[in-house]
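Notes follow once the structure below has been shown.
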Amino acid sequence: QMLRWMCGHTIKDRIRNECIRESVGVALIVEKLVESRLRWFGHVWRRPDDAPVRRVDEMEATVGARRRGRPRKTIGETVLKDIEINALSREMIYDRSLWRRLIHIADPT
């Protein structure tokens, strides 16, 4: 809606969101979220093994009874799926400049 407002378009103009996003030169929010998750994961993974953030990342939260239905996805599962989809490996994380270059989602221009 914000991009539509910036361009002066309304829903009645019947212009697709992809066209508006392309004309403004903005990437998908989902892609930027993946970039942000992978950047955070790289930051955490480069920390020493005894760092508190690494220990918290490896802990399992299993307190109380499990809720009905499908279990929620954990941040770890989501990040591992992002790594797999983007054909990355954990060894690449240790080279910070390479990692940042590989995960960067450029805004289309």
Find all pairs meeting these conditions: Cβ atoms under 6 angstrom apart; at least six residues apart or on different chains; first residue within segment 95-109 and over 17 Å from residue 82 (Cα atoms); second residue at pLDDT below 90 and small (Gly, Ala, Ser).
107/25; 107/27; 108/25; 109/25
Pairs needed: first member in segment 1-12, without any contact (Cβ under 8 Å) to a residue 40 or more places away in the chain; second member anywhere, part of a loop (DSSP other than H, G, I, E, B); C-beta distance under 7 Å; at least 6 residues apart or different chains.
3/26; 4/10; 9/15
Across segment 52-83, the tally of residues that are farther than 15 Å from residue 40 by Cα and either at pLDDT 85 or above or touching a Cys at 6+ places or on another chain (Cβ under 7 Å) (or both) stands at 3
Odd one out for residue 47 among (1) without any contact (Cβ under 8 Å) to a residue 24 or more places away in the chain; (2) part of a helix (DSSP H, G or I)
(2)
Among the residues of segment 62-95 satisfying the criterion of being more than 12 Å from the chain's Cα centre (by Cα) and under 30 Å from residue 22 (Cα atoms), which is surrounded by the fewest Cβ atoms within 10 Å (Cβ to Cβ)?
87
For segment 66-84, what are the residues that are in contact (Cβ under 8 Å) with a residue 40 or more places away in the chain and of a type in the set (Val, Ile, Thr)?
78, 79, 83
Condition test on residue 23, is it on the phi < 0 side of the Ramachandran plot, among the small types (Gly, Ala, Ser), modelled with pLDDT of 80 or more and in a helix (DSSP H, G or I)?
no
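The values are calculated or read from the model by the stated rules, or taken from the named source; none is laboratory data. Note that the structure is predicted; figures quoted are calculated from it, not measured. Please note: Cβ atoms are built from the backbone with ideal geometry, for glycine as well, and neighbour counts cover all protein chains shown.
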